[in-house]
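Notes to accompany the following structure.
The values are calculated or read from the model by the stated rules, or taken from the named source; none is laboratory data. What you see is a predicted model; the values in this text were computed from it and never measured. Glycine also receives a Cβ, built like all others from the backbone with ideal geometry; neighbour counts cover every protein chain displayed. Calculation scope for accessible area: heavy atoms of the full protein, side chains included, ligands and nucleic acids excluded. Shrake-Rupley method; radii C 1.70, N 1.55, O 1.52, S 1.80 Å.
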Amino acid sequence: MFDAAIIGAGIIGTAIARKLAQYDLQLVLIEKDSDVANGTTKANSAIIHAGFDPEPGTLKAKFNVEGNRLYENLCRELDVPFHQTGSLVIAFSEEEMDTLNGLYERGRSFGVPRLELVGREKLHKMEPGLSDETMGALYAPTAGITDPYLLTIALAESAASSGVELRRNSPVTEIIKLGERFKINCGGETIETRIVINAAGLYADRINEMVNPSYFQIKPARGEYFLLDKKTGHYARHVLFPCPTKLGKGVLVSPTAHGNLIIGPNAETVDSKEATETTARGLAFVRRNAEKIKKNLPFHKVITSFSGLRAKSSTGDFIIEETDQTRGFINVAGIDSPGLVSAPAIADYVAGMVIDKTGPSGKNSAYCPAARSHTPFTNLNEEEKEALIKEDPRFGRIVCRCEHITEGEIVRAIEGPAGARSVDGIKKRTRAGGGRCQGGFCGPKVIRILARELNLEPEEIKKDNPESYILTGPTKGKKSESTVPGRTSTTCSTAPGELKTPEEGRDYHDLVIIGGGPAGMAAAVAAREQGIDDILVIERDHELGGILQQCIHNGFGLHQFREELTGPEYAERFIDQLKQKGISCKLNSMVLSVGKDRRITFVNSKDGLNSIQAGAVVLAMGCRERTRGAINVPGTRPAGIFPAGMAQRFVNIEGYMVGRKVVVFGSGDIGLIMARRVVWEGGEVVAVIERKPYSEGLIRNYVQCVEDYGIPMLLQHTITSIKGKDRVEGITIAKTDQNKQPVEGTEKELECDTVLFSRGLIPENELSVGAGISLHPGTGGPVVNETMETEIEGIFACGNVVHVHDLVDWVTEESYKAGRGAADYVKRQGQEPAEGYSFKTKPGTGINYIVPHKIRTALMEDGVELYMRCDGHHQNTTLQARANGQVVKSAAKKVLTPGEMIVLKIKEDDLPSDSFDELTVELAKGDI
Amino acid sequence: MTLETKEMICILCPLGCKMRVKEKPDQPGELSVRGQQCKLGVDYAYDEYSNPTRTVTSTVVIHNAPLPRLPVKTSKPIPKELVFPAIDEITRTEVEGPIEIGTVIIKNLLGTDSDVIATRSL
Ligand SMILES: Cc1cc2nc3c(=O)[nH]c(=O)nc-3n(C[C@H](O)[C@H](O)[C@H](O)COP(=O)(O)OP(=O)(O)OC[C@H]3O[C@@H](n4cnc5c(N)ncnc54)[C@H](O)[C@@H]3O)c2cc1C
Ligand code: SF4
């Protein structure tokens, strides 16, 4: 028999549970979903409001101001981020200035500290980049931001570690009052309790009606948001609100506790308590309104969009009371905004009500105010990092490369009575998968770790709730055994024969290459051939080869080897060369930063945190896939949505199928090739959907991967919505117009359980940016010269990190150049290269970009290949290079497409004898 | 005998000409090819009309190795109609590690004179 049962493990339920856990009481916390913080707490603005906003006399007013006061301490105790950024409510008219005055007075009467009305000039100083029409603002320095699910998890962990029984996957279906006690049916079991606390969020009305007549309703009001990349938080210094209206607080722009930028929400009453899909209309509204507040918001940096449902009560206020009809039953209902900030104050108040009923109770001697640290590994200082890796080498293994989350943190998040059981559970606790690739890289690893720690098969690991399966089973119907997930050794290659490892304790190398894909390996080989002996290749994965290892199809190497190889074969030829040439490698080692001075820090589980000096550096980190969020497809966010490359990794390397009825969105080569892989592994491909009027991939891939199997290719179509709560259940498609936008009225439904996104790749340049290298807007990669040297002396770059290649052969060519350039740099030892003049390359008509961007004639060797992409389909055209107005080189082309790299070799002899500034390459119709 | 007309797309360059191919009634073995924009299309049409072939690349189950699947390919293209039978054959096959790249995993696949070989060492 429990003293109290708390229904609902959102911020309110967990805060109450933790508060009550201080007393000597038998407590149970019941949650219908697979995890805590899965309802409204999962998706909200995460703002700790100052408290001037609610109507006077309401519970909202009372608890907001009190809650705000308690936050700093609470977050400190639980080791959860809380930043008091302050908020600004911004006025755009005289009328709105009056509203601000009213809010100011109201806030003062509530006791909100240090409120201030600021005029236009001061406002623009406090918050640069505001739109010009702003007139003034109400500044509330006590407002702040937190991480709501981490906070809720920390509260749940503290409660559970103090003895509160946490029951997940336990929907309450019936409550019966029997004299002085209640019988609760939840998740197929019955429990008894003296007191019931209803903190069931959106479902609080239904829970209330299990024992009481209906006296309030909870109406879901949806709010949609954009979340932007981690590097964008500085776009707002404060939480920025427009002036509130009857409809609510309006669309805000705010940094998040992790340095992202959050923009939203709109407010729309919806019928269903599960309607957490995003809509094109809602997101467009959010964007329009946000742009009224702030100019130049970086919407191209969106990493995901999501929506949350506010639990609005029909009374308009919080409902926090013991019901008259049923004593012992306490409603904590209608907790919409400002519920997050009010939580600690509500918890104190409700705990008081409970103690009044149970009578004075002793202290719980097992009370555990905080179960563990929540500081991410990456935020620790160097000594702390070192110490942690020494104690547990799993902290030296980075699993999520975008957020730098280690295996140690993931394991820690699984442990304990409130530990993660699902991929989303890991994401909420550690942020692994919450970064810019949205789990594209770390997903397979996280699944393996969960399976290992929970003693399950990978296909038993869910995204979230029990129906949200991710994998449909092993390929070939046979269990997939792998010995790699441990990945402890920093030296082991999975191919037989040894790779050389560097001598211990060396902290200088002539050349350090970051990334052991085809680009990194080719650069290493070329530098060695130029006589550089002291080379170190650092690779994050457990083997060399990069993305090639998962590209098991053929079509690689026609230019380099004059034969058609598969990806792994191509990779192995280079791995063999590295072995033969005795080039040192560190595997399972993640580079964390590169300095202008070519100092490199990296981490692995064997050597811990390392800092080494490089004579020259080659950046060869490859690229990542564009995610669904970045592409911004509205709808729900169930399991079954994969970037095509991630699916490729699951099927080809991990040996797992990702779905049975698959739609491929985007006709790039990865998507086409995956369509055939799915068919060959026994799945069905419903359609390939392409927004453009033509297929983007190679004709050969279209014919041999799609047409051969009768798969419909829907050109000029797009996905307008994804459906399904736990797993994808279907999509809505529509025709597109010339601007690739959906045409209203052409919508059609398609049934499927999986969507693969094949919508392009983005060079992975976080390290480059960290080194101060500027990126070229056309390529997304570093600006480079003819030796592939970046703007920072001695730092070179090659492969997909510079621009996305279609053929690995071009990567190899370009990387040989980088390797030779770096070797030459090392040998010159600071001496300036030979004289000569230099010029820039400039894309002309029909050309999107040219690599390299700058050429020094003295270093052209026997010529420089210009790598280019064109802007559309061109037939019977002439590619021509012009300098000083005169054509210096031209080539007739039967056909050019944006999917294929255009290569034009320029030799010194081709160039005019007098110097010039720019070499323009353009497409001209017909022959010249 | 009715002579079949086949529609096909030439894959030899990005133009992807749509071609209509059929056997000339009076000259058995000779084809009439329409729609190509260069003569490469004709050669392609001859191959694809009478003897379309494909390379199959897939994986087999591997035990006792660091990874659970070994990538493989057919050493030569095989007749298109044998692709699914070949996939079945590959699906049934299991090997023990370690395996060297190029090792023959299935000899003379379905009598095609093509072997299934390992495309990496594992
Ligand atoms: C499905 C698909 C089909 C393709 N088909 C073909 C084809 O038919 N023919 C063809 O020629 N090309 C093809 N390509 C293109 C070709 O595979 C790529 O262009 C090439 O592999 C890019 O090489 P890279 O070395 O630049 O990148 P990657 O192979 O991605 O290598 C980068 C390496 O850097 C490592 N790394 C990154 N950051 C760090 C860090 N901080 N610390 C340590 N290590 C790090 C990564 O782990 C990785 O190993 C295809 C690509 C795909 C995805
Ligand atoms: S027929 Fe000639 S032009 Fe047409 S796709 Fe084939 S190779 Fe290209």
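Just a few scattered comments:
- For the stretch A:1-133, the fraction of alpha-carbon pairs in successive 10 Å shells from zero, as %: 10, 29, 31, 19, 9, 2, 0
- Average accessible area per residue (Å²) across the protein assembly as shown - probe 1.4 Å, nucleic acids and ligands excluded: 39
- Relative to the Cα centre, the charge distribution of the stretch A:599-748, modelled as +1 at Lys and Arg Cβ and -1 at Asp and Glu Cβ, gives a dipole magnitude of about 340 debye.
- Residue mean of other protein chain beta carbons inside 10 Å, A:565-578: 3
- Size of electric dipole in the stretch B:57-118: Cβ of Lys, Arg +1 and of Asp, Glu -1, about Cα centre, debye, nearest 20: 140
- The stretch B:5-51, accessible surface, carbon-and-sulfur percent (1.4 angstrom probe): 48
- The tail of the calculated P(r) for the stretch A:345-459 beyond 17 Å holds 62 percent of all Cα-Cα pairs.
- Square roots of five times the Cα gyration tensor eigenvalues for the stretch B:57-118, Å: 21, 11, 8
- Surface accessible to a 1.4 Å probe, A:Met657 within the full protein complex, Å²: 10
- Kirkwood Rh, angstrom, the stretch A:127-278 [1 / mean 1/r, Cα pairs]: 19.4
- Residue mean of other protein chain beta carbons inside 10 Å, A:693-706: 3
- Overall, the protein assembly as shown carries a charge dipole of about 1180 debye about its Cα centre when +1 sits on the Cβ of Lys and Arg and -1 on the Cβ of Asp and Glu, all other atoms neutral.
- Rg and Dmax [Cα atoms of the stretch A:1-72; Å; Rg one decimal, Dmax integer]: 14.5, 43
- Extents of the stretch A:693-747, taken as max minus min of Cα coordinates on every principal axis and listed largest first, are 35, 31, 15 Å.
- For peptide A:726-735, the mean count of partner chain Cβ atoms within 10 Å of a residue's Cβ comes to 0.
- The fraction of accessible area contributed by carbon and sulfur in the stretch A:1-94 is 46 percent, rounded to a whole number (1.4 Å probe; ligands and nucleic acids excluded).
- Surface accessible to a 1.4 Å probe, A:Arg288 within the full protein complex, Å²: 140
- Take A:671-682, A:4-15, B:4-15 and order them by the average number of nearby Cβ atoms within 10 Å per residue, most first; the result is A:4-15, A:671-682, B:4-15.
- Total accessible area lost when B and A pair, probe 1.4 Å, Å² to nearest 100: 3700
- Taking every alpha-carbon pair in the stretch A:686-806 and binning the separations at 5 Å intervals from zero gives 2, 10, 15, 14, 12, 12, 11, 11, 8, 4, 1, 0 percent.
- Length-normalised contact order for the stretch A:837-928 - Cα pairs under 8 Å, 6+ apart - percent: 38
- Partner lysines for B:Lys107 [C-alpha distance under 23 Å; skip if fewer than 8 residues away on the same chain]: A:Lys476, A:Lys478, B:Lys73, B:Lys76, B:Lys80
- Here is the tail figure for the stretch A:329-394: Cα pairs spaced more than 20 Å apart come to 59 percent of all pairs.
- Length, then width, then depth: along the principal axes, the Cα atoms of the stretch A:837-928 run 35, 24, 20 Å.
- In the stretch B:62-79, burial by the other protein chains removes 50 Å² or more of accessible area from B:Pro66, B:Leu67, B:Pro68, B:Arg69, B:Lys73, compared with the chain on its own (1.4 Å probe, ligands and nucleic acids ignored).
- Square roots of 5 times each gyration tensor eigenvalue, C-alpha, the stretch A:562-605, largest first, Å: 29, 12, 12
- Equivalent ellipsoid of chain B: semi-axes from √(5λ) of the C-alpha gyration tensor, largest first, are 38, 15, 10 Å.
- Percent of alpha-carbon pairs separated by more than 45 Å within chain A: 34
- Measuring nothing but alpha carbons in the stretch A:278-429 and taking Rh as the Kirkwood radius, the Rg to Rh ratio lands at 1.07.
- Isotropically averaged projected area of the stretch A:488-634, using the convex hull of Cα atoms (one quarter of hull area), nm²: 10.8
- Packing-based order for A:456-467, A:92-103, using average beta carbon neighbours within 10 Å, highest first: A:456-467, A:92-103
- Heavy atoms of A:Tyr816 accessible to a 1.4 Å probe, total area in Å² rounded to 10: 50
- Treating each Cα of the stretch A:762-902 as an identical point scatterer and summing with the Debye formula, the log10 of I(q)/I(0) at q = 0.14 Å⁻¹ comes to -0.68.
- Entry note, chain A: relative contact order of 10 percent, from Cα contacts under 8 Å with a spacing of 6+ residues.
- Where the Cα pairs of the stretch B:17-60 fall when distances are cut into 5 Å bins, in %: 5, 21, 25, 19, 12, 6, 5, 4, 2, 0
- When the Cα positions of A:Ile12, A:Asn554, A:Pro393 are compared along the charge dipole of the protein assembly as shown, A:Ile12 comes out farthest toward the positive end, with charges on each C-beta of Lys, Arg, Asp and Glu.
- Here the convex hull built on the C-alpha positions of the stretch A:627-759 has a volume of 94 cubic angstrom per residue.
- By accessible area, using a 1.4 Å probe on protein heavy atoms only, the stretch A:657-721 has 48% of its surface on carbon and sulfur.
- Complex-versus-alone comparison for the stretch B:3-26, residues with a loss of 40 Å² or more in accessible area, probe 1.4 Å: B:Ile9, B:Ile11, B:Pro14, B:Leu15
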